[in-house]
Structures are given as C-alpha cells and as structure tokens.
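Step one of this worksheet: look at the structure below.
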Amino acid sequence: MFDHDLCNPTRRQFLRYAGAGLITATVARSLPAWAQTSTIDPVAQMRAAAANAKLTTLKLTDALSMISGAGGNIAVLTGPDGKVVIDSSYATAAPQLKAALAALSNVPLRLLINTHWHFDHTDGNSWMRNAGALILAHENTRARLTESHDMPDLHMHFDPSPADALPEQTFIDQFNLYFNQESLALRYYPPAHTDTDILIHFTHANVIHAGDILFNGTYPLIDYTTKGNIAGMIAAADRTLSLSDTQTKIIPGHGPLADRPTLQRYRDMLAAVRDRVARLKQSGKTLEESVAEKPTKDLDEDWGKGRITNDFFVKLVYTTL
Ligand SMILES: [Zn+2]
C-alpha cells in the first residue's frame, strides 16, 4: 500500500493536500489523543492522490497485463470473451484506468474479481459494474463491504459500500473460471492479511495474483481488525510458493512484479520477525518494550523503506501472535 495506500500520510502529502484544500474533518472514535484533533482524513486524502496518479501497464503475456500506480496492482486478461479485471483501485483513478484498459483492447469489460475488501482494491467497483462487469469475490469481502468499519491505527473510517459496489457472486473455498482460453483458479487464503483474501492463479499463463498476501520489497500491512495475522501471512506465502515454479510471475498487491525467489525471501523475513517477536512476547515483554528492542534492526535496511514502518510492523506481529 504505497504512495496512495492504506497507511499513514506522509508529512509532504499532508501539506500538499492541506494546501489544496483537500483535508476534511474526520475524527473517528477510539483514536489516540493526538489524532482526536487531527483534521486529516486519510481515506479522502488517498482518493485525492489517486486522481493524479500515473498508471503504468506491464505486459505479462499477449493476453495478460499488470496495471500499477494507484492502489493495489491490477491484472487484466483480454480476449474474445471480454476483459477480466482483478481489483478496481480507487474510484478517483477511473479516468486513467479506463484509458489504460482501452489501450489494451476494445473488448467489453465482463468480470471484476476483488482480491480482498480493502478500499484501495475495491473503491472502483461501482464504475466497473456500471461499465458492464459482474463482480466476484470471497463471501467475506461482500460481508465486510456491507459493514461500517474502523481501522484505528490508520485513522480510517469506512461507511458501508453502496449496493452497486458489492460483489454479485461470492464463493467460500474455491471457484474456477474459463475465459479467453485461460483457466482461472480462485482459492481462499484462510485469514492472513484480512479474512477476505483470495489468490487468482492463471494456470495456462503461469501467473498468480496474490493480492496483499505479498507486499513486494517492504513490510506488509496485516489488518488485524478483520482477522489478519502473522501466522496466516506465512501460511499464505507458503501456499503461494507451493503453486509456483521457477517461471511463475507473481503479481503482488503492492510493489513490482515478483517471482518465486522474491516470494521466498519475503516469506523468510516474515518467519524471522515472527520468531523474534514471539520470543520477546513469551519472555513477558510488553508491546512497547518489544518495539523498543528493535527486533527487526538488521532487516529494516531491506524491508523498512515502505509505508509500514519497522515499529508498526513489530506492533502488527506482536498483536497478532
Ligand atoms: Zn489490503
């Protein structure tokens, strides 16, 4: 979730949006004291940022592409059956996204699949549905989108999504689709980043969209407010590894296109942090004491430059152990 994603705004972004008059008042219940007087609404801020985002399209095969630059990475499968799109980014990125989709092919939009419920992956659902897409997701994604929700760490509040943004078709464990001579195997990950995560395996193309199971190159967000947890993240990485080979292209929720060795290094980082934080917690250290120990010190150079800081990641791991 970088640049315009589910994370705390940078000071520079704050100043930019404050200057542009885009900061609106929001004070969710249960915020820390300093935030009670904050006038930043991170949700509005990220939507505003996405309006100016520049998208890039990476061809993975003749029929399959990855679009990046606003919210979660998007996959697009094109062909005579129409377009299948994985994730819908922010609603405010719709103009650029429509242009990027049109540049790939003029076949109609048929199907939108959400990897999970987070708004940087689902905010564009309404426009895609109104453009002709059926929306398919895990049962829990639909359930989460119908509820109001608070994420106190991120100072975010979400109202229930409008009816036209909700998945029309859902599944529990797995769902198979055959489109454009491709086979799409949709599989549920037990709670990991959230309790709504699925993978989409394009089995002929040998491409996996792993959603926010994988943040390529940075510490990931683990959304414990919807049952995300570190053990689930490691299990999800293992499951994805088991489906991949040396040629597999792995689309992460955030960050550049990945491959099996990249996912393996990330999985090993998750396990190392889990082990270290578990030792601190088992020894009786409080959350604050565990964060102060800097257990990820030697990893921060490689993984700590994203929007999930080392201290926040330790908190996420400690909280979900
Ligand atoms: Zn997410």
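Nothing in this text is a laboratory measurement; each read-out follows from the coordinates by a stated rule. No experiment lies behind these values; they were computed from the predicted model shown. Cβ sites come from the backbone with ideal geometry, for glycine too, and all protein chains shown count toward neighbours.
Each of residue 183 and residue 58 was given a label point 7 Å from its Cα along the Cα-to-Cβ line. The distance between the two points is 2.6 nm. Panel order for 297, 315, 285, by other beta carbons found within 10 Å of each beta carbon, from fewest to most: 297, 285, 315. The GluC sites (Glu not before Pro) of segment 76-168 meeting both criteria, a DSSP state outside H, G, I, E and B (loop) and at most 15 other C-beta atoms within 10 angstrom of the site's C-beta, are 147, 168.
I need the shape label for segment 222-304. Rule: rounded when a/c is under 1.5, else prolate if a/b > b/c, else oblate, with a, b, c from the alpha carbon gyration tensor.
On the way: a/c = 2.31, a/b = 1.89, b/c = 1.22.
Because a/c hits 1.5 or more and a/b exceeds b/c, segment 222-304 counts as prolate.
Neighbour counts of other Cβ atoms within 10 Å put 294, 54, 281, 249 in the fewest-to-most order 54, 294, 281, 249. For residue 249, the lysines whose Cα falls under 18 Å of its own Cα, not counting residues fewer than eight places away in the same chain, are 59.
Once fully extended, how much extra length lies between residue 139 and residue 245, figured as 0.36 nm per residue of separation less the alpha-carbon to alpha-carbon distance? Kindly include the intermediate steps, with their values, before the conclusion.
On the way: separation 106, 0.36 × 106 = 38.16 nm, distance 2.93 nm.
Extra length from residue 139 to residue 245 when fully extended: 35.2 nm.
Listing 230, 40 from fewest to most neighbouring C-beta atoms within 10 Å gives 40, 230. Between the beta carbons of residue 286 and residue 163, assuming R0 = 45 Å, the FRET efficiency works out to 0.55 to the nearest 0.05. For residue 285, the lysines whose Cα comes closer than 28 Å to its Cα, not counting residues fewer than 8 places off in the same chain, are 227, 294, 297, 305, 315.
Let me know the shape class of the chain, please: from the alpha-carbon gyration tensor, a ≥ b ≥ c as square roots of the eigenvalues, rounded when a/c is under 1.5, otherwise prolate if a/b is greater than b/c, or oblate. Since a/c reaches 1.5 but b/c is at least a/b, the shape of the chain is classed as oblate.
Within the shell of other residues whose beta carbon sits under 14 angstrom from the beta carbon of residue 132, the net charge comes to +1, with Lys and Arg scored +1 and Asp and Glu -1. Which net charge results when you count Lys and Arg as +1 and Asp and Glu as -1 among the other residues whose beta-carbon is under 12 Å from that of residue 144? Here the count lands on -3. Mean residue ellipticity at 222 nm, helices only, the chain: -9500 deg cm²/dmol; runs of at least 4 DSSP H residues each add -39,500 (n - 2.57), and the sum is divided by the number of residues. For a quick check, take a GNM of the chain with Cα springs below 10 Å and name the residue from 176, 73, 229 with the largest mean-square fluctuation. Its mean-square fluctuation being the largest, the pick is 176. Note on segment 98-169: Cα-only Rg and Dmax are 13.3, 42 Å.
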